[in-house]
Structures are given as C-alpha cells and as structure tokens.
Amino acid sequence: MKKIYVFHFSVLIYILFMHFTQTTFSFMGLNVFLAWLPILFAQLFLKLRSKWQWLFAPLWLLFFPNVPYLMTDLFHFASLDIYRRGGHFLNNSSGWWSYLLLLLPALLMVFIGMAQVFKLFSAVKWKWRLPQKIGGLAILAILSSIAVYIGRFDRVHSIELLVHPWRVLELLVGNWSAGKVQFVLMFSILQLGIWGLIYFLQQDAGEE
C-alpha cells in the first residue's frame, strides 16, 4: 500500500515540477497527468467492492489511450542538443536532464498503466481463455491506437470527448486514409508487443 502512495505522490511532484519549472517540455506535466488518470481509475475499480466500482470502468477506458500516447512524446528527443550526425554524442548536462525527464515517466507510466490491464481482466472474473485475452488486448490496442492517432495528428484532446463528443466520434469512426491505417496497425503491434513482454515477465516471476 505504501508503494502506491509513493507512486502517486511522485507523479504529482513530477506534474508540478514540469508545470512550474520547465518551459520547452512543460507539456509533459499535462500528458503525464492524463496518463495518470486511467491508472487511478483502474485502482479505484480494483479496490472498491460495490456496484460503484463500475463507474470507473468507462472512465478508465476513456482515458487509457493517454498511457500509450506517452510513447509518442519520445520523438521530442530529436530536439535535445545531445547528438550530432556521425554518431557523436554531446556531454550537454541540461540536454541529458531533459532526456531523463522525458524518458523516465514515459517508461514508468506506460508499463504500469498497461500492466494494469491484466489485473482488470482478472477482476472482471469472466472466463478468459488465452485466445479471448489476446482478442481483448487486440481490440483495446486498436481503439487506443485510433485515439492516439487523432490526438497526435488531429490534435484532439481527451477532454473533447466530453465537450465535443460528436466531433471526436466522427474522427474515431471516419476520416480514414492509408497513412492512418498503417499508423493504427503499427501502434497496435507496438502495444501488443509491450503486453507480450509484461506477460512474459509476470510468468517468469511466477516460476521463480
């Protein structure tokens, strides 16, 4: 239980730190906050033992794409002054600190947020067989990949689902192109790969 409090406290400190002290990468405070919400909703769903827990299931699904969305923020590495063409790295301390502030929360939030999916599958207590689990993960990966696409390329924010739901629904269902199909396929494979890694680590830990 103490680990949970430490995690949430650390996330809040990071959000405040990025918002009030950073300029170039201050947006990471908001992005981490949005990725933290589904983790929080999932924990509330897992902890509550009443019908109220189901209130947090749609909220988790609504905000879950913000977790894999953090992986797209890693492209901001290109703006860091730590690399030169030809394989030369620069010992620029401010650049490497920015590298840490971008990479660490993305790794932690993505793995924690995506690992929770297995706990949610177990909590629902459906008779999930392996093919059904893989199918459920594939559907979730596709839906979240579509959401990541419209968030990154159409610049649609999660809150717009509440403010402009029909516009977001239109972008989710329609507005398809070859580039969008390829991105959704690629990003879905990426998420499935991460879930495969998490599953392997869990199985390996259980055998020890």
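Is at least one residue of the range 115-129 under 30 Å from Ser26 (Cα atoms) and outside any helix (DSSP H, G or I)?
First, pick out the residues of the range 115-129 that are under 30 Å from Ser26 (Cα atoms): 115-117.
Then keep just the ones that are outside any helix (DSSP H, G or I); that gives none.
Within the range 115-129, not a single residue is under 30 Å from Ser26 (Cα atoms) and outside any helix (DSSP H, G or I).
Report yes if some residue within the range 78-92 is over 18 Å from the mean Cα position of the chain (by Cα), of a type in the set (A, V, I, L, M) and closer than 24 Å to Ile150 by Cα; otherwise report no. Write out each step before concluding.
As a first pass, look at the range 78-92 and keep what is over 18 Å from the mean Cα position of the chain (by Cα): 78-92.
Filter once more, keeping what is of a type in the set (A, V, I, L, M): 78, 80, 82, 90.
Imposing the further condition that a residue be closer than 24 Å to Ile150 by Cα reduces the set to 78.
Within the range 78-92, one or more residues are over 18 Å from the mean Cα position of the chain (by Cα), of a type in the set (A, V, I, L, M) and closer than 24 Å to Ile150 by Cα.
Could you tell me which of the residues Leu37, Leu107 is at pLDDT 95 or above, surrounded by fewer than 17 Cβ atoms within 10 Å (Cβ to Cβ) and closer than 22 Å to Val6 by Cβ? Spell out how you get there, then give the answer.
Details: Leu37 fails: surrounded by fewer than 17 Cβ atoms within 10 Å (Cβ to Cβ).
Residue meeting the stated conditions: Leu107.
One line per residue, one yes/no per condition, for (1) more than 22 Å from Gly136 (Cβ to Cβ); (2) not small (Gly, Ala, Ser):
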residue	(1), (2)
Ile4	yes, yes
Phe25	yes, yes
Gly29	yes, no
Leu34	yes, yes
Leu37	no, yes
Gln53	no, yes
Leu59	no, yes
Leu62	no, yes
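Would the range 70-89 turn up any residue that is touching a Ser or Thr at 6+ places or on another chain (Cβ under 9 Å), more than 26 Å from Trp195 (Cα to Cα) and in a helix (DSSP H, G or I)?
Looking for residues that are touching a Ser or Thr at 6+ places or on another chain (Cβ under 9 Å), more than 26 Å from Trp195 (Cα to Cα) and in a helix (DSSP H, G or I), one finds at least one in the range 70-89, hence yes.
Evaluate the following for Phe56: is it surrounded by 13 or more Cβ atoms within 10 Å (Cβ to Cβ), free of Cβ contacts under 8 Å to residues at least 40 places away in the same chain, of a type in the set (Phe, Trp, Tyr) and out of contact with any Lys or Arg (no Cβ under 8 Å at 6 or more places or on another chain)?
So Phe56 fits the description; yes.
When both residues are 6+ apart or on different chains and their Cβ atoms are under 6 Å apart, which pairs have a first residue that lies in the range 186-204 and is more than 21 Å from Ala147 (Cα to Cα), and a second that is of a type outside the set (S, T, N, Q) and surrounded by 12 or more Cβ atoms within 10 Å (Cβ to Cβ)?
Filtered contacts from the range 186-204: Ile198/Ala115.
Residues in the range 78-94: is at least one at pLDDT below 90 and within 30 Å of Leu48 (Cα to Cα)?
So far as the range 78-94 goes, no, none of its residues is at pLDDT below 90 and within 30 Å of Leu48 (Cα to Cα).
For Gln203, are the conditions met, namely being in contact with a Phe, Trp or Tyr (Cβ under 9 Å, 6 or more places away or on another chain), at pLDDT below 95 and surrounded by fewer than 14 Cβ atoms within 10 Å (Cβ to Cβ)? Even if it seems obvious, please write down each step before you answer.
Values: in contact with a Phe, Trp or Tyr (Cβ under 9 Å, 6 or more places away or on another chain): no; at pLDDT below 95: yes; surrounded by fewer than 14 Cβ atoms within 10 Å (Cβ to Cβ): yes.
In short, no.
So, in the range 1-15, of the ones that are at pLDDT 90 or above and surrounded by fewer than 12 Cβ atoms within 10 Å (Cβ to Cβ), which residue ends up farthest from Gly113 (Cα to Cα)? Spell out the reasoning first.
So the first thing to find is which residues in the range 1-15 are at pLDDT 90 or above, and the list is 6-15.
Pick out the ones that are also surrounded by fewer than 12 Cβ atoms within 10 Å (Cβ to Cβ) and you get 6, 9, 13.
Numbers: Val6: 16, Phe9: 16, Ile13: 18 Å.
Taking the candidates together, the pick is Ile13.
Could you run through the range 162-200 and say how many residues are at pLDDT below 75 and touching a helix residue (DSSP H, G or I) at 6+ places or on another chain (Cβ under 6 Å)?
Residues that pass the stated criteria total 3.
The values are calculated or read from the model by the stated rules, or taken from the named source; none is laboratory data. The model shown is predicted, which means the values in this text are computed figures rather than measured ones. Backbone-built Cβ (ideal geometry, glycine too); neighbour counts: all protein chains shown.
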